[in-house]
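A.B. asks: Here it is, the structure, as structure tokens.
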Amino acid sequence: MTTEQVSTSFQLIDGLHAPSYYDVNKFRSGLEYRAQPDDIFIVTYPKSGTTWMEVIVFSLINNGKPFDEDNNDYLMRTPYLERVGESTVSTISRPYSIKTHLPFDRIPYHSQAKYICVIRNPKEVCISLYQFLVKHQQSHYYQCQFDTFFNDFMEGKLPYGDYYQYLRSMWSYKEHENVLIISHEQMQRDIRCVIQRIAQFLNINLTDQDGLLDRVLTFSSYEYMKKNFDKVRKNYSTRKMDNAITAGVSSTIVRNGTVNDRKSYMTDEQNQRFDKDMAEKMQDMPEFEILCR
């Protein structure tokens, strides 16, 4: 498949990249949503740890409830902003979190709302996104060899736009008190500490509820999610729910990405090219490199 053919996998909606199968009206409606003071946004570029963070936040704001205890409740309380649109998000009962892959400067903003942003080493995003789009999405959606995908990633010709531009839109808000930036690498190194930081950010006192931290740790563990997320997928495929509510669930893949992933895909030449490009684009953001080691 050529680069020209691959590029048809996304569309431009009001200047933003979006997968070709997204509903334009719902996408635009999501952009017009008016953020509320009690909103919690989970802001990620795809394959940066969206589902992992979503499960953590869901359990924290629901007293340690596991995501698979009530699949319908989980699906309803984790809406995907640009897939469901304003009308759906506005009618969902609290508490909930809103996930989005929109660039931060296009996300509905409220000074009292909470924004949890998850970033990830660009190489890991590149590999994980390739595996997701090519191996686990609809067969017509994105089929190409890694070399073609690699070039598209480097040029930002992807369904969700350029990753570095995405990071920059987020980074400009990093000093805001209502914005918390967490890296996927931090989550892998010390998830307990990360959950404690998220709880503090959301004004949740872990000591007020006996065993809350341990429950969240259990239900957000890779082992638990890998074992039980099939229940959510089964719920998606067997129940006649609004397909916008369940958008993305049928193809959600719980992976335990490792640094070795990049070595099995990128050649030495690609690694060197990637490193040079990343150094040039991120040279004024040294904190990013520290977060994503």
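The values are calculated or read from the model by the stated rules, or taken from the named source; none is laboratory data. Keep in mind it's a predicted model, so treat the numbers as computed, not measured. Reconstructed Cβ throughout: ideal geometry from the backbone, glycine too, with neighbour counts over all protein chains shown.
A.B. asks: Just checking, does the stretch 173-180 include any residue being closer than 23 Å to GLU124 by Cα and modelled with pLDDT under 95? Talk me through it step by step, then tell me what you get.
C.D. replies: Pass one, the stretch 173-180, residues closer than 23 Å to GLU124 by Cα: 174, 180.
So of that shortlist, the ones also modelled with pLDDT under 95 come out as 174.
Yes, because at least one residue in the stretch 173-180 is closer than 23 Å to GLU124 by Cα and modelled with pLDDT under 95.
A.B. asks: Here is a follow-up. Filter the stretch 90-101 down to the residues that are within 27 Å of GLN11 (Cα to Cα) and either at pLDDT below 90 or touching an Asp or Glu at 6+ places or on another chain (Cβ under 8 Å) (or both) and list them by number.
C.D. replies: Within the stretch 90-101, the first condition is being within 27 Å of GLN11 (Cα to Cα), and the residues that meet it are 90, 97-101.
Of everything in the stretch 90-101, those that are within 27 Å of GLN11 (Cα to Cα) and either at pLDDT below 90 or touching an Asp or Glu at 6+ places or on another chain (Cβ under 8 Å) (or both) turn out to be SER97, ILE98, LYS99, THR100, HIS101.
A.B. asks: Here's a follow-up. Can you tell me which of GLY49, GLY30 is of a type in the set (Gly, Ala, Ser) and within 30 Å of ARG192 (Cβ to Cβ)?
C.D. replies: Within the list GLY49, GLY30, the selection yields GLY49.
A.B. asks: If you don't mind, another one. Any residue at all in the stretch 162-176 that is in contact with a strand residue (DSSP E or B) (Cβ under 6 Å, 6 or more places away or on another chain), within 17 Å of LYS47 (Cα to Cα) and either outside any strand (DSSP E or B) or among the aromatic types (Phe, Trp, Tyr) (or both)? Can you show your working first?
C.D. replies: Of all residues in the stretch 162-176, those in contact with a strand residue (DSSP E or B) (Cβ under 6 Å, 6 or more places away or on another chain) come to 170, 173-174.
Of the ones still in play, those that are also within 17 Å of LYS47 (Cα to Cα) are 170.
So of that shortlist, the ones also either outside any strand (DSSP E or B) or among the aromatic types (Phe, Trp, Tyr) (or both) come out as 170.
Scanning the stretch 162-176 turns up at least one residue that is in contact with a strand residue (DSSP E or B) (Cβ under 6 Å, 6 or more places away or on another chain), within 17 Å of LYS47 (Cα to Cα) and either outside any strand (DSSP E or B) or among the aromatic types (Phe, Trp, Tyr) (or both).
Per-residue answers, yes or no, for (1) under 17 Å from SER59 (Cα atoms); (2) out of contact with any helix residue (DSSP H, G or I) (no Cβ under 8 Å at 6 or more places or on another chain); (3) not aliphatic (A, V, I, L, M):
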{"residue": "LEU75", "(1), (2), (3)": "yes, no, no"}
{"residue": "GLY85", "(1), (2), (3)": "no, no, yes"}
{"residue": "SER93", "(1), (2), (3)": "yes, no, yes"}
{"residue": "THR100", "(1), (2), (3)": "no, no, yes"}
{"residue": "PRO103", "(1), (2), (3)": "no, no, yes"}
{"residue": "PRO108", "(1), (2), (3)": "no, no, yes"}
{"residue": "SER111", "(1), (2), (3)": "no, yes, yes"}
{"residue": "LYS114", "(1), (2), (3)": "yes, no, yes"}
{"residue": "ILE119", "(1), (2), (3)": "no, no, no"}
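A.B. asks: For the stretch 106-114, check the following and say yes or no: at least one residue is under 14 Å from GLN36 (Cβ atoms), surrounded by fewer than 17 Cβ atoms within 10 Å (Cβ to Cβ), polar (S, T, N, Q) and without any contact (Cβ under 8 Å) to a residue 40 or more places away in the chain. Break it down stepwise before answering.
C.D. replies: Keep residues of the stretch 106-114 that are under 14 Å from GLN36 (Cβ atoms), which gives 107-114.
The next check asks that each one be surrounded by fewer than 17 Cβ atoms within 10 Å (Cβ to Cβ); those that pass are 110-112.
Remaining after also requiring polar (S, T, N, Q): 111-112.
Retained after the next criterion (residues that are without any contact (Cβ under 8 Å) to a residue 40 or more places away in the chain): none.
The answer is no, given that none of the residues of the stretch 106-114 is under 14 Å from GLN36 (Cβ atoms), surrounded by fewer than 17 Cβ atoms within 10 Å (Cβ to Cβ), polar (S, T, N, Q) and without any contact (Cβ under 8 Å) to a residue 40 or more places away in the chain.
A.B. asks: Out of all the residues in the stretch 56-89, which are of a type in the set (D, E, K, R) and either at pLDDT below 90 or not in a helix (DSSP H, G or I) (or both)?
C.D. replies: Initially, the stretch 56-89 is screened for residues of a type in the set (D, E, K, R), giving 65, 68-70, 73, 77, 82-83, 86.
LYS65, ASP68, GLU69, ASP70, ASP73, ARG77, listed by residue number.
A.B. asks: Tally up the residues in the stretch 72-95 that are crowded, with 20+ Cβ neighbours inside 10 Å and in contact (Cβ under 8 Å) with a residue 40 or more places away in the chain, please.
C.D. replies: Of the stretch 72-95, the ones crowded, with 20+ Cβ neighbours inside 10 Å are 74-75, 77-85, 88-89.
Now drop any that are not in contact (Cβ under 8 Å) with a residue 40 or more places away in the chain, which leaves 74-75, 79-85, 88-89.
Summing the residues that are crowded, with 20+ Cβ neighbours inside 10 Å and in contact (Cβ under 8 Å) with a residue 40 or more places away in the chain in the stretch 72-95 gives 11.
A.B. asks: Within the stretch 8-23, restricting attention to residues that are closer than 12 Å to PRO103 by Cβ and assigned to a strand (DSSP E or B), which residue is modelled with the highest pLDDT?
C.D. replies: Here is the first cut: in the stretch 8-23, the residues closer than 12 Å to PRO103 by Cβ are 14-18.
Still in the running and assigned to a strand (DSSP E or B): 16-18.
Values: LEU16: 96, HIS17: 93, ALA18: 92.
Result: LEU16.
Here is a yes/no grid of residues against (1) within 17 Å of the chain's Cα centre (by Cα); (2) over 17 Å from ASN178 (Cβ atoms):
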residue	(1), (2)
TYR33	no, no
ASN62	no, yes
ASN71	no, yes
THR78	yes, yes
GLU124	yes, yes
